[in-house]
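Participant: Attaching a single structure in structure tokens format; questions to follow.
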Amino acid sequence: MGAMARCCGLGMTHFIHHSKQLTNMTPAQHLNHCRLGAAQQLLREKPELSISRVAVACGFSSSQYFATLFNRKYGVPPRQFRRDGGHETLSSG
């Protein structure tokens, strides 16, 4: 997150403050939110990719961490989301 703050010309404290004002999330939470959205799209559009490949393609260093966050946010693990065709109603948690 430090590099992101520097790119914005801000210190870390100000960067976090502004991020929360804009997104109601910390920078790390917002980044994961964006990554999970991209993963959701990949799971729908590229069923041939393994869950690990989806995780790495979306910036997660661990497929287990990715699966945990995905399940926490959407209420289903990525494998079930893919198996169900990505069409069920997901929570926005």
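Listed here are the residues, each with its yes/no results for (1) in contact with an Asp or Glu (Cβ under 6 Å, 6 or more places away or on another chain); (2) under 30 Å from residue 6 (Cβ atoms); (3) hydrophobic (A, V, I, L, M, F, W, C).
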| site | (1), (2), (3) |
| --- | --- |
| 28 | no, yes, yes |
| 34 | no, yes, yes |
| 54 | no, yes, yes |
| 67 | no, no, yes |
| 74 | no, no, no |
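Participant: If you go through region 3-59 one residue at a time, how many are without any contact (Cβ under 8 Å) to a residue 12 or more places away in the chain, of a type in the set (A, V, I, L, M) and within 18 Å of residue 73 (Cβ to Cβ)?
Facilitator: Here the count works out to 1.
Participant: Residues being aliphatic (A, V, I, L, M) and either touching a residue at least 24 places away in the same chain (Cβ under 8 Å) or part of a helix (DSSP H, G or I) (or both): count how many of those fall in region 60-78.
Facilitator: Total meeting the criteria: 2.
Participant: Hey, another quick one. Suppose we filter 85, 9, 59, 75 for residues that are at positive phi and surrounded by 15 or more Cβ atoms within 10 Å (Cβ to Cβ); which single one remains?
Facilitator: Only one candidate qualifies: 75.
Participant: So, one more: Filter region 19-52 for residues that are more than 12 Å from the chain's Cα centre (by Cα), of a type outside the set (S, T, N, Q), part of a helix (DSSP H, G or I) and surrounded by fewer than 15 Cβ atoms within 10 Å (Cβ to Cβ) and give the result.
Facilitator: 20, 22, 44, 45
Here, each number is a calculation from the coordinates, and none is a lab measurement. Bear in mind that the values here come from a model prediction, so they are computed numbers and not experimental data. Every residue, glycine as well, gets a Cβ built from its backbone with ideal geometry; the counts of neighbours run over all protein chains shown.
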